[in-house]
Amino acid sequence: MATNIDNPKYNDNRDYDYDKTDFYCRAEFPIINDLIKSGTNIIDLGCGNGSLMHYILERQKVNITGLDNSSSGVAFCAQHNLPAQLGEIDREETYKKYSDNQFDYAICNVTLQMVMYPEVLLREMRRISKYQIISVPNFAYLFNRLELLLNVLMPRSMLYGYAWYNTGHIHQLSLRDFKIFCKNNGLKILSIWHLGRLAWLRRIAPNYLSRESIFLCTKK
């Protein structure tokens, strides 16, 4: 019997289409909202259809703008009076219009692993903002390890239900990978929040038990 992974009628998340979507809420949203202060200037990099911006603006007064490479996402934002612009968030030329420390916070929520040049994105985030909020999926998550070990297939949960060939998650990383990058590239980690199962153990062994982590960083 063919499995879902063999089914050619598979969704593709390399090119997001927000024409038939609505605002959504993710587990990171409340944490990110609590990290920022009212009255600050914020840029949401990889804003999609503006769901995170919408969530924050419903709860506090900030100046926030979004940037995304999806024309349908930017159009959805415009329809709902959310300021967003079209642009590739991992290209230096995209950031030429932004000055150093122009924003209090630059946010990149579960998008770092989907861009071609994550090092460019992180470098520009560090330049244009005083603080950086970055959430990343942890490919070293215990259940991903077990899925890879037992099924001998790329973990479907880590790819959010997609297959290895039609996912936009092209740069899988672990928490340790990200921490090493920060250490070597001028980012100081101020605090970390971990999401996943087994909350009481997650704090003890986040490299194994955090499915996704949220980092608050600043310049060294």
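One table, with the values for the structure above:
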{"quantity": "Failed condition for residue 58, given (1) closer than 30 Å to residue 165 by Cα; (2) without any contact (Cβ under 8 Å) to a residue 40 or more places away in the chain", "calculated": "(1)"}
{"quantity": "Helices (runs of 4 or more DSSP H) lying entirely in the stretch 23-95 (those with 3 or more residues that are loosely packed, with under 14 Cβ neighbours inside 10 Å and not charged (D, E, K, R))", "calculated": "71-79"}
{"quantity": "Hits in the stretch 158-205 - residues which are closer than 25 Å to residue 116 by Cα, touching a strand residue (DSSP E or B) at 6+ places or on another chain (Cβ under 6 Å) and charged (D, E, K, R)", "calculated": "188"}
{"quantity": "Identity of the residue in the stretch 146-199, among the basic types (Lys, Arg) and in contact (Cβ under 8 Å) with a residue 24 or more places away in the chain, that ends up nearest to residue 219 (Cα to Cα)", "calculated": "188"}
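For every residue, the table says whether it meets (1) touching a Gly at 6+ places or on another chain (Cβ under 8 Å); (2) of a type in the set (Val, Ile, Thr); (3) at pLDDT 95 or above.
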| residue | (1), (2), (3) |
| --- | --- |
| 16 | yes, no, no |
| 25 | no, no, yes |
| 47 | yes, no, yes |
| 55 | no, no, yes |
| 59 | no, no, yes |
| 67 | yes, no, yes |
| 88 | no, no, yes |
| 109 | yes, no, yes |
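The values are calculated or read from the model by the stated rules, or taken from the named source; none is laboratory data. Computed from a predicted structure; not experimentally measured. All Cβ positions, even for glycine, are placed from backbone atoms using ideal geometry, and neighbour counts span all protein chains on display.
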